[in-house]
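The values are calculated or read from the model by the stated rules, or taken from the named source; none is laboratory data. The model shown is predicted, which means the values in this text are computed figures rather than measured ones. Please note: Cβ atoms are built from the backbone with ideal geometry, for glycine as well, and neighbour counts cover all protein chains shown. Note: accessible area is taken over every heavy atom of the protein model, side chains too, but ligands, DNA and RNA are not part of it. Shrake-Rupley method; radii C 1.70, N 1.55, O 1.52, S 1.80 Å.
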Amino acid sequence: QLAGGIENGVLDIHLNLQAKDYSRLELTNEAIIETERILKTSITQVVNHVIICHPPNLRDADNWLAFAYLNQPISVYNGEWCGYVSANMHEVGHNLGFRHSNQIGSYADRTGYMGYSYNVTGWPSMCFNAVKNWQAGWFMDRAIDLDVTQGGWKGKIATFVDYHLVKADEYVLVKVGDLFLQYNRAKGMNAETFDKPNQIVIVESNTGESELIGGLDGEDFYTTYFQRQNFTGTGETLFVAICSHHFGDNKTQADYFRVFIGLDSLDCSERSGTSNEIIPVPATVSMSPTVSSQPSPSPSWIPPERGQSCDDDLSAIIVTDAGNFTCNTLSINTPLRQNVCIEGHEAYNVCA
């Protein structure tokens, strides 16, 4: 038990008011004031992150699901959304400084939690994409920032799920220019990743957000090679190629792909490290890339140190079938139903 009656990470507070008379912002402010009165100090002096669970009958309960403050400790949830792990991880991700993960459309990178959220308790088990992991400084002792203008690189990209098994010549995160790569192995804590499971996922960092642009597993031509023309303005084409795939034993060896990354060249010979013998791509080979093609002010009630608001509301809810294959736009006033996922929806642009 922590200070002020926080038990198992939970503090119940009782306010002498009717929730139906208050908006989400007003009730959040009242909750923070009461919590700090009980604690006799600022919340952040006691805990690192605060999840506020509101009752579902607020005055504006029909047009929001959850919101959070970028690089600040507070996230807020509407009713049952407080119990959905994907919503929790998404909003706390904003607290950690993460912005949204996209794929052509907003939120459409479903490899990790900064894409869609789901109204399911305890599902899915997944993580964050390579841009977010790099931003957070996770796995950095097994990360590499490549300068391919000095020559191609052959190396091993092991899955972050097997981080504890990764060897000295294996990497978990690879950065080349504004592209970030990681092995999205669907097992363990990442078993239920939705998009591109068991592939090397290529993500582009774009003004704070990220864009999923490719996935490679070596299963066919189009998932063996990736290309980005005029890479970083060099006039040259960046190639990423899967050379081989190796499964570990979950005890002493990590799962990994052996890959080549270089400009205007491919080299999958067995040597690892920087390639001194670059093999140009034959002119007759036609390579097809696996590429899909003012912040608002903080709400007036928030002291400046509480940060900007990232608001996920109901303005673009989509409803799907049980397999999440068919999506239809849901208007803001349509009642929620089973199998929904969150598509876009900010009342503020700072996290859009």
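Just one of (1) at pLDDT below 95; (2) open to solvent by less than 40 Å² (accessible area, probe 1.4 Å) fails for CYS268. It is (2).
Every condition in (1) among the hydrophobic types (A, V, I, L, M, F, W, C); (2) touching a Gly at 6+ places or on another chain (Cβ under 6 Å); (3) under 16 Å from VAL10 (Cα atoms) holds for ILE52 except the one numbered (2).
Just so you know, in the stretch 69-94 the residues that are modelled with pLDDT under 95 and more than 17 Å from VAL10 (Cβ to Cβ) include one that is surrounded by the most Cβ atoms within 10 Å (Cβ to Cβ), and it is TYR69.
The number of residues in the stretch 38-68 that are of a type in the set (Val, Ile, Thr), open to solvent by 40 Å² or more (accessible area, probe 1.4 Å) and touching a strand residue (DSSP E or B) at 6+ places or on another chain (Cβ under 7 Å) comes to 1.
Evaluating ASN190 against the criteria (1) touching a helix residue (DSSP H, G or I) at 6+ places or on another chain (Cβ under 9 Å); (2) at pLDDT below 95; (3) within 30 Å of GLY97 (Cα to Cα) leaves one unmet condition, (2). Checked against (1) under 24 Å from ASN119 (Cα atoms); (2) open to solvent by less than 80 Å² (accessible area, probe 1.4 Å); (3) among the charged types (D, E, K, R), GLU34 passes all but a single condition, namely (1).
What about VAL172, is it of a type in the set (A, V, I, L, M, F, W, C), within 22 Å of the chain's Cα centre (by Cα) and modelled with pLDDT of 95 or more? I'd like the intermediate steps shown before the answer.
Numbers: of a type in the set (A, V, I, L, M, F, W, C): yes; within 22 Å of the chain's Cα centre (by Cα): yes; modelled with pLDDT of 95 or more: yes.
In short, yes.
Residue check: ASP109 meets all listed conditions (1) in a helix (DSSP H, G or I); (2) out of contact with any Phe, Trp or Tyr (no Cβ under 6 Å at 6 or more places or on another chain); (3) open to solvent by less than 20 Å² (accessible area, probe 1.4 Å) but one, namely (1).
Could you list, in sequence order, all residues of the stretch 32-48 that are assigned to a loop (DSSP other than H, G, I, E, B) and either over 22 Å from ASN95 (Cβ atoms) or at pLDDT 95 or above (or both)? Residue satisfying the conditions is LYS40 alone. The set of residues in the stretch 200-211 being assigned to a strand (DSSP E or B), out of contact with any Cys (no Cβ under 9 Å at 6 or more places or on another chain), open to solvent by 10 Å² or more (accessible area, probe 1.4 Å) and of a type outside the set (Gly, Ala, Ser) consists of GLU204, ASN206, GLU211.
Take the stretch 130-174 and flag every residue that is of a type in the set (Ser, Thr, Tyr) and assigned to a helix (DSSP H, G or I).
At the first step, the residues of the stretch 130-174 found to be of a type in the set (Ser, Thr, Tyr) are 149, 159, 163, 171.
Within the stretch 130-174, THR149, TYR163 meet the criteria.
The condition (being farther than 19 Å from PHE226 by Cα, among the polar types (S, T, N, Q) and open to solvent by less than 40 Å² (accessible area, probe 1.4 Å)) is satisfied by just one residue among ASN184, ASN133, ASN129: ASN133.
Every residue, every condition in (1) open to solvent by 40 Å² or more (accessible area, probe 1.4 Å); (2) closer than 26 Å to GLY83 by Cβ; (3) small (Gly, Ala, Ser); (4) modelled with pLDDT of 95 or more, yes or no:
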{"position": "THR121", "(1), (2), (3), (4)": "yes, yes, no, no"}
{"position": "LEU146", "(1), (2), (3), (4)": "no, no, no, yes"}
{"position": "GLN150", "(1), (2), (3), (4)": "yes, no, no, no"}
{"position": "PRO197", "(1), (2), (3), (4)": "yes, yes, no, yes"}
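Tallying residues that are open to solvent by 40 Å² or more (accessible area, probe 1.4 Å) and assigned to a helix (DSSP H, G or I) within the stretch 12-28 yields 3.
If you go through the stretch 51-73 and pick out every residue that is more than 20 Å from the chain's Cα centre (by Cα) and not in a loop (DSSP other than H, G, I, E, B), you end up with 6.
When you check TYR163 against the structure, is it open to solvent by 30 Å² or more (accessible area, probe 1.4 Å) and within 23 Å of GLU219 (Cβ to Cβ), yes or no? Against the criterion (open to solvent by 30 Å² or more (accessible area, probe 1.4 Å) and within 23 Å of GLU219 (Cβ to Cβ)), TYR163 does not qualify. Test GLY214 against the stated conditions and say whether it is modelled with pLDDT of 95 or more, surrounded by 24 or more Cβ atoms within 10 Å (Cβ to Cβ) and touching a strand residue (DSSP E or B) at 6+ places or on another chain (Cβ under 8 Å). When the stated conditions are applied, GLY214 passes them. When SER117 is tested against the conditions (1) in contact with a helix residue (DSSP H, G or I) (Cβ under 7 Å, 6 or more places away or on another chain); (2) at pLDDT 95 or above; (3) crowded, with 22+ Cβ neighbours inside 10 Å, the lone failure is (2).
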